[in-house]
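Down below is the structure, laid out as structure tokens.
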Amino acid sequence: MPSVLVVSNVFPPQIVGGAELVAYREALALKRTGFDVSVFAGMLENEALVQSRTFIEARDDLQVFRLPLPGMGPDKGFFRQEVNRDFAQVLRAVEPDIVHFHNLPLLGTGLIPLAREFGARVVVTLHDTWGFCLTQTRLRPSLELCHDFTECDICLQWVPGVFGEKLPVRLRSDYVRWCLEQADVFISPSQSLLDSYGQAGFPTERFLRISNGINLDAFPGHQREPRGKVDFLCASSIAEHKGSRTLWRALGILMQDRELAGRWEMTIGGEGPLAKEFDEFLAPYGADAPVRRVGFISRTDISGHYGRTDVVVLPSVCPENEPVTMLEAIASGAAQIGARIGGIPELIEEGRTGFLVTPGDAEDLAGAMRRLILHPELVRDFSARNLARRAEFDERRSLRRLADLLTDPPSPPAGAEHPIVLCAGDPDPAGVSEGLSRRLRSVSGRLRLLWHDWVDPKVRERAEVLWVFGDRPPFGEIARAIQRGIPIVAPRSAALEQLAGCAALVRSYETAEMAVDLIERLAPAPEQPQRAGAV
């Protein structure tokens, strides 16, 4: 059996969401099947501990290489040089045949090309849109859903370089994409997520759809029958992207409806950035309100909550992938209400297992809940249908497909890579580079703009163009470009044309628009490989 290194930014006993549970269950299942399994994972710690080195622990007969992770935003967690160093040491120690990546924010996407360079086959399971969306939700600050994936500067204009330089966010986007493109195969649990990566320009011929599935043994299913009260449950982060404000506006509508008094209850499980605001909303209704908030629900208690629940509610306003709460609803035999967005409609059969509602529409959500309160026989019917389809979502089926994939992984992708434009210098936001993040939207998506400090020398050697930012020339990169005879696009104020050996290679620019035009003309389009069949 091949040796497999499973990589996840968080790993039990710490649990943030569903992704780390998937990685954990996968590692255990592969171990039982006979694979030699190790784990490389982070552990969220306070700032005082983030300088600690990687340590090894045993968890459920798994060898887990741990390293503490600081709390980081999307501006920093995509590239971490120190994690790259530790990961390279683990690769040498474990010598895996296959590296299976799960969520990478905080660990950094640079681990993917490291695994590829080591010679391992690389499999990436995508749990959300982090590969092309720095917020991972596709929600803009205005809470509008983003459909133009070149406009990352709306959410964040600059990211820091290794030495604190202010770099256009396009460099972050291209680096993350370039790293992901080193993978041999991607796994998407939902068709919706697969489609969104296709819309973002990723090679979907390398995608395979495999549901995460759910542990049916952990959620014994039982038939719901009409009784005096309908019990609702929402177990998710109390956060903007989860539609928390939509939910509590809907609850306000229901609590003002006298016809429904005494006929329903709602349990809110979870914590999050809007928890205090929710408590403030609920306070005026007093202790007699049919809504109770129970805080974070542990994995040991979650099954009991589902067992007491008639209807599971997920009012997300961002495109979910394959939300665990909807899988748990199916496994437990509860009815479902979910937003018509992302992968949620793939888990709810409209009018057969539950209702789909318009994202962000509190009246629509309240209407769906009201219908079930007034017609509890629908809960019985929806419950029966979910119980009938439980086996379709058995995680054992998914794990067998994964084991087959890892036993005989696909060959590395063939075909030309995207042309690399190596970027270096000092993009001073107060100088000619002002507004560069916005202007870089127009650079063709066929190019990969890579900051020189984020890639190794072998990658820098493959660059088609060196793009110099600012008036302080990076002479080391310039010397290498001269040696290789590749074009240099640099500000006229840097006066590189006057350097010996430089004049014939330098193309000067005075504005960002001129630089973009030069880059487009100098970087050749890659030859289009023959498209392989879908994985």
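All of the numbers you see were taken from the coordinates with simple rules; none came from a lab. In this text, all values refer to a predicted model and were calculated from it rather than measured experimentally. In this analysis, Cβ positions are derived from the backbone assuming ideal geometry, glycine residues included, and neighbour counts consider all displayed protein chains.
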Sorted by chain and then number, the residues having a modelled amide H within less than 5 Å of the amide H of L449, at least 5 places away or on another chain, are V421
Run down the lysines and flag those whose C-alpha is under 19 Å from the C-alpha of K242, throwing out any fewer than 8 positions away in its chain.
K276
Which order results if H375, H452 are arranged by neighbouring Cβ count within 10 Å, fewest first?
H375, H452
HN-Hα couplings for the range 2-12 via Karplus (6.51, -1.76, 1.60; θ = phi - 60°), in whole Hz with x for Gly/Pro, come out as x, 8, 10, 10, 8, 10, 8, 5, 10, 8, x
Burial order of peptide ranges 73-85, 1-13 (average beta-carbon count within 10 Å, highest first)
1-13, 73-85
Can you put H418, H147 in order, fewest other beta carbons within 10 Å first?
H147, H418
Using amide H atoms built 1.01 Å from N in the peptide plane, name the residues 5+ places from I187, or on other chains, whose amide H lies under 5 Å from its own.
V124, T125, L126, L208
Within the chain, percent of DSSP bridges classed antiparallel, to nearest 5
10 percent
Sorted by packing (mean other beta-carbon atoms within 10 Å per residue), highest first, where do 322-331, 385-394, 189-198 land?
322-331, 189-198, 385-394
Where does the charge balance sit around Q191 when Lys and Arg score +1, Asp and Glu -1, over other residues with C-beta under 11 Å from its C-beta?
-2
Where does each of 462-474, 151-163 land if you order them by average Cβ count within 10 Å, highest first?
462-474, 151-163
Span per principal axis, largest first, for the Cα atoms of the range 217-393 (Å)
43, 32, 31
Projected onto their principal axes, the Cα atoms of the chain stretch, largest extent first, over whole-Å spans of 88, 51, 50
All other residues with a Cβ under 12 Å from the Cβ of G252 taken together, and with Lys, Arg as +1 and Asp, Glu as -1, what is their net charge?
0
